[in-house]
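Below: the structure, in structure tokens.
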Amino acid sequence: MNWLNNFQQKSLKQRFLFILGLFFFVLFLCLGFVFIFWDNISGLNQLETKINSQQRLYFGVLLVVYGTYRFLKLMNKKDE
């Protein structure tokens, strides 16, 4: 729980950027799960080029991995 102690000692700017980073982590995670598990995305079905289920799965996994990478990078960030 070292990051919790560091969170209490951060300035207002650092706390805001930390909360913003957490927001984008959750956003990427949710968007990735939408692409993985939602079979009928109405906006994607109306495109001229259809996206098949395998491409949606790859893109969803890519979003989840990228969100996890950002979260780990945020947690391991050293104060300057």
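The values are calculated or read from the model by the stated rules, or taken from the named source; none is laboratory data. Here the structure is a predicted model, which is why all the values come from computation and not from measurement. Positions of Cβ are backbone-derived with ideal geometry, glycine not excepted, and every protein chain shown enters the neighbour counts.
What the table shows:
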| item | result |
| --- | --- |
| Residue match in segment 60-72 (condition: of a type in the set (A, V, I, L, M), assigned to a helix (DSSP H, G or I), modelled with pLDDT of 85 or more and surrounded by fewer than 13 Cβ atoms within 10 Å (Cβ to Cβ)) | yes |
| Close pairs (7 angstrom Cβ cut-off, 6 or more residues apart or separate chains): touching a residue at least 60 places away in the same chain (Cβ under 8 Å) and exposed (fewer than 13 other Cβ atoms within 10 Å of the Cβ) in segment 9-35, part of a helix (DSSP H, G or I) and of a type in the set (Val, Ile, Thr) anywhere | none |
